[in-house]
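Here the structure is laid out as structure tokens; the discussion comes afterwards.
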Amino acid sequence: MGGKFLFDGQPVPFEDGQTILQAARAAGHYIPHLCWHPDFPPHGSCKLCIVKVGGRHVSSCALPARDGMEVESDTPEINGERRALLQMLFVEGNHFCPSCEKSGNCQLQALAYELDMSSARFAHFYPDRPVDASHPDVLLDFNRCIFCELCVRASRDVDHKGVFALTDRGIRKHLVVNAESGRLADTDFAVGDRAADICPVGVILRKRVGFAVPIGERKYDEASISTVAMEKGE
Amino acid sequence: MQDAERIAARAVERHRREPSQLLQILIETQDGIGHLPVESLTRIAELLDLPRSRVEGVAGFYSFLYAEPVGRYRILFSDNIIDRMLGSRELMERLCRRLDVAPGQVSAGGEASVDTTSCTGMGDQGPAILVNGLAVTRLDEARVERIASLVAAGTPLAEWPAEYFHVDDNIRRRGVLLGEDFVPGAALQAAMVRGRHGWLEEVRMSGLRGRGGAGFSTAVKWMACSEAAGADKVVVCNADEGEPGTFKDRVLLASQAERVFEGMTLAAWATGARQGLLYLRGEYRYLLKHLRAVLAVRRAAGLLGARILGEGGFDFDIDIHLGAGAYVCGEETALLESLEGKRGTPRIRPPFPVTHGYLGRPTVVNNVETLAKTTLIALQGGAAFAATGTAQSTGTKLLSISGDCAYPGVYEYPFGVTIAHVLEDCGAHDPQVVQVGGASGVTIAGHEFHRRIAFEDVPTAGAFMVFDGRRDPFEMARNFVHFFAHESCGFCTPCRVGTALLKGYMDKLASGKGAKMDLADIEWLDRLLKNASHCGLGSSAPNPVIDTLVKFRPAYERRLVSLDFKPAFDLDAALETARRMTGRDDPAAHLDWREEV
Ligand SMILES: Cc1cc2nc3c(=O)[nH]c(=O)nc-3n(C[C@H](O)[C@H](O)[C@H](O)COP(=O)(O)O)c2cc1C
Ligand code: SF4
Ligand code: SF4
Ligand code: FES
Ligand code: FES
């Protein structure tokens, strides 16, 4: 069937089963996203992809496109709300970007630039999240987790290992690994896993390659996240 | 410690190694051990062939499952605003003193732990507690003293005074549902005579809308499920009743279980479902025995099982699942996840449960009261049902009334009744505020008491909490914000972080450190929660704040110390360590020194 909808006033065609975000991307329109990834089904948790359809907010990564929809995305109102969601993600974790190995390659940081987030606005939570350096090849710095569950999904659905899962709930929610000891070294996680290079922020980090590319010359240092997303399909 | 593994293994076997039974397995394992030690989780994961991380993730989601040892007596005080108005906080302090234990901690000898929990659904007979999962009502100083002695003496719960565990129905006003006798099977017979289509048509004519909150048309839901592709359809009864101040489903389950189960069977007749599940909130666990007994009687009477009432091809039976302390599991897709033995995280919709529900099968999810009401439609016909109530809200509605009134309890009214009328009936002498629909509902001020209970005016899942002139609307809203922050599933950013931030702002105001800018931040958070949340929990979490800010703004403004920014922490107090280390306490060593000179 398929059809057409209006995206910020411009017509966008879609095929049956495509979400708003997928159809918009295919037509060259970027919608911010963090938990969505082209290789995985939509998750719908970060809410960076919110758009307005007929006056109502919806998650564009999850909602199938429908004929005749009028979608608002790149507006001061929606971008203001997206900025606030980023601020929430920053204050709930511990993000010291200048000392973070992921700086410049981090989607959270890159989106903060993209959406002109200049302060955290809200009070920091400063959660206590010890790092896990037990694994020979990979370091886990939970301080930066944004709960996109990409590692959970990749390990479960691609690697078929179930190395990662979330436990507890609400603001106490956190990541655990598949071992009674709670240590990554005691799981069957391997550096070649899909889950090892899926994290959009600086939680799952390869050891011994840190800072090989200097900060300032990294992915989002060179081009904005919207450009990278659209040109490289990330 | 091998004991723990043995107990866990037995629970897994009882549930035929079925991964969808994980939550039930965890509950039963904890029943045997007291908490869920790491090796029990490992064993369960092995036997179910699930990643251990998944089992840990589920165990960590539910408030009533414990990773660390808790007291042999685990005492939880219902922390709804109504319990607080009845003195729960003071009683909890008293019990803690008597047992020499701090809230949230385990006593030195391991005999007791005392903590708070979300509303336990006993607002008409509070303050209420749960002792090892069992409800104790009407707490007062005498009961607290006695409980402290019973705990100290190690008296088994079975030997505690039986009246402590007595839960009253407190039915104060009976309409057609609560007033008429019910002969089990009669409604079913009447519906079966009409045939499946005729029965659906009758439900359509009744105009019945869901009593669980959203008010969705029951006939439309049932038809969609009946038409959905797939043979193994499911009927789910939502008995999670977690909305603070709501307890009418508890009374229906206690006094009208036959109607509730018959309603599920009527839904099965309409949709062709063969499996029924009732999700019972953990707080109502004491009802389990009674409910199972009713199911057994109905099976023996041919009202459940194969060939119901002799009708070939009409096979349907009902199982009961327990929740374990998670309000969000009342949201229908979170409920399905929980029934499947997972974390109670709401799903992406569409697809909706009517096509992709329990284990991906077409599923009807209905509230307890909705299902009970369908027996009336079967017996009287849809048109007679629609004769009461209003145009868009047919039939009657059960209200759970609590708070500042002489006669708290359950009242059945035709839809359209005014709030003033209800207040009069329940003996509210000086009502100033009514919170209709629970924490997520609507705050009604005095000048609105002429408004009507109906989907087209003031909708409600059933809670009706009355506050008189002694109460503070700000404190009510703050209590509800704490509730939502505690109950957020944590899936989506706005609700996970937003409810926690909102709680921080409300606490800042309560401690007298608020500034005008905080009100602006509060309103901004309200809007983000409303607009961006993934499910109804997050989007309704700001309701009490939005309403009280509009209708009782002075309750906020008198808490502001300044009109400018004021940090949430006390800068001067933060310097205390530095003062001690340097041995200074002169005015210049204090932050507000400049202001004083
Ligand atoms: C956070 C949240 C909690 C809910 N809790 C309940 C509940 O305890 N009981 C209930 O029947 N419905 C509850 N609902 C509504 C259900 O999602 C669903 O609409 C209802 O069970 C459908 O049944 P009904 O059509 O018979 O009302 C809740 C919804 C949300 C968003
Ligand atoms: S570790 Fe990374 S990939 Fe995994 S949930 Fe956290 S942010 Fe997402
Ligand atoms: S709104 Fe709250 S409860 Fe609902 S999915 Fe989001 S975090 Fe979970
Ligand atoms: S990208 Fe849509 S919710 Fe995260
Ligand atoms: S810069 Fe380190 S997590 Fe984003």
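Results, tabulated for the structure shown:
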quantity: Among the candidates A:140, A:175, residue that is closer than 29 Å to residue B:325 by Cβ and within 14 Å of chain B (Cβ to nearest Cβ); calculated: A:175
quantity: Condition met for residue B:17 (open to solvent by 20 Å² or more (accessible area, probe 1.4 Å), in a strand (DSSP E or B) and more than 14 Å from chain A (Cβ to nearest Cβ)); calculated: no
quantity: Residue check for residue A:112: without any contact (Cβ under 8 Å) to a residue 24 or more places away in the chain and open to solvent by less than 50 Å² (accessible area, probe 1.4 Å); calculated: no
quantity: Hits in the stretch B:488-530 - residues which are polar (S, T, N, Q) and under 18 Å from residue A:79 (Cα atoms); calculated: B:493
quantity: Test result for residue A:196, surrounded by fewer than 18 Cβ atoms within 10 Å (Cβ to Cβ), small (Gly, Ala, Ser) and more than 14 Å from every other protein chain (Cβ to nearest Cβ); calculated: no
quantity: Selection within the stretch B:460-502 - closer than 19 Å to residue B:243 by Cβ, within 14 Å of another protein chain (Cβ to nearest Cβ), buried (at least 23 other Cβ atoms within 10 Å of the Cβ) and over 14 Å from the mean Cα position of the chain (by Cα); calculated: B:481, B:495, B:499, B:502
quantity: Among residues of the stretch A:33-58, those that are open to solvent by 20 Å² or more (accessible area, probe 1.4 Å), in a strand (DSSP E or B) and within 9 Å of chain B (Cβ to nearest Cβ), counted; calculated: 3
quantity: Some residue of the stretch A:69-77 being open to solvent by less than 10 Å² (accessible area, probe 1.4 Å), within 16 Å of ligand 4 (Cβ to nearest atom), among the polar types (S, T, N, Q) and not in a strand (DSSP E or B); calculated: yes
quantity: Cross-chain or 6+ apart pairs with Cβ under 9 Å, the stretch A:207-232 first and over 20 Å from residue A:49 (Cα atoms) and in a loop (DSSP other than H, G, I, E, B), then open to solvent by 50 Å² or more (accessible area, probe 1.4 Å) and of a type in the set (Gly, Ala, Ser); calculated: A:207/A:133
quantity: One residue from B:399, B:295, B:359, B:336 being part of a helix (DSSP H, G or I), touching a strand residue (DSSP E or B) at 6+ places or on another chain (Cβ under 9 Å) and buried (at least 23 other Cβ atoms within 10 Å of the Cβ); calculated: B:336
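Condition check ((1) at positive phi; (2) surrounded by fewer than 22 Cβ atoms within 10 Å (Cβ to Cβ); (3) of a type in the set (S, T, N, Q)) across all residues:
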{"site": "A:121", "(1), (2), (3)": "yes, yes, no"}
{"site": "A:127", "(1), (2), (3)": "no, yes, no"}
{"site": "A:131", "(1), (2), (3)": "no, yes, no"}
{"site": "A:143", "(1), (2), (3)": "no, yes, yes"}
{"site": "A:154", "(1), (2), (3)": "no, no, no"}
{"site": "A:165", "(1), (2), (3)": "no, no, no"}
{"site": "A:186", "(1), (2), (3)": "no, yes, no"}
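The values are calculated or read from the model by the stated rules, or taken from the named source; none is laboratory data. It should be emphasised that the depicted structure is a prediction, and the values quoted were computed from it without experimental measurement. No Cβ is skipped: glycine too gets one built from the backbone with ideal geometry, and neighbour counts run over all protein chains shown. The protein model used for the area step is the full one, side chains on, heavy atoms only, and it has no ligands, DNA or RNA in it. Shrake-Rupley method; radii C 1.70, N 1.55, O 1.52, S 1.80 Å.
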